[in-house]
Amino acid sequence: MLLAIDPAGVSVRGIDLASFDETTSMIRHGETASCSTLFFPMHRVERVEIDSQTDGVPSLTQRFRERTGVDPMTILSPTE
């Protein structure tokens, strides 16, 4: 989830893609999964991509929803 983008950098919140399968499995089984909030200084940002279906390959959002039955925004939204 993109939290902010400004001249200083980009703030994002999400799960590590290396643990995507493990995280979706945990959520599917009712376990709690944690998200990370990261800041990348603009000089380190090469590109920002939109998570969308491409050539029949489902987006990460679609795959998350299919595997867990949960809207990823409920997991990614910061709690305050």
inquiry  = Against the conditions (1) of a type outside the set (D, E, K, R); (2) surrounded by fewer than 15 Cβ atoms within 10 Å (Cβ to Cβ); (3) within 16 Å of M73 (Cα to Cα); (4) touching a residue at least 40 places away in the same chain (Cβ under 8 Å), where does S36 fall short? Just the number, please.
reply    = (4)
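Matching residues to (1) touching a residue at least 12 places away in the same chain (Cβ under 8 Å); (2) out of contact with any strand residue (DSSP E or B) (no Cβ under 7 Å at 6 or more places or on another chain):
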position: F40; (1), (2): yes, no
position: V45; (1), (2): yes, no
position: P58; (1), (2): no, yes
position: R67; (1), (2): yes, yes
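Test F40 against the criterion of being of a type in the set (A, V, I, L, M, F, W, C), outside any loop (DSSP other than H, G, I, E, B) and closer than 17 Å to L3 by Cα, and give yes or no.
Considered against the rule, which asks whether it is of a type in the set (A, V, I, L, M, F, W, C), outside any loop (DSSP other than H, G, I, E, B) and closer than 17 Å to L3 by Cα, F40 comes out as yes.
The numbers here are math on the coordinates, done by the rules we state, and not lab data. Fair warning: this is a prediction, and the values are worked out from it, not measured in the lab. Ideal geometry is used to build each Cβ from the backbone, glycine not excepted, and the neighbour counts take in all protein chains shown.
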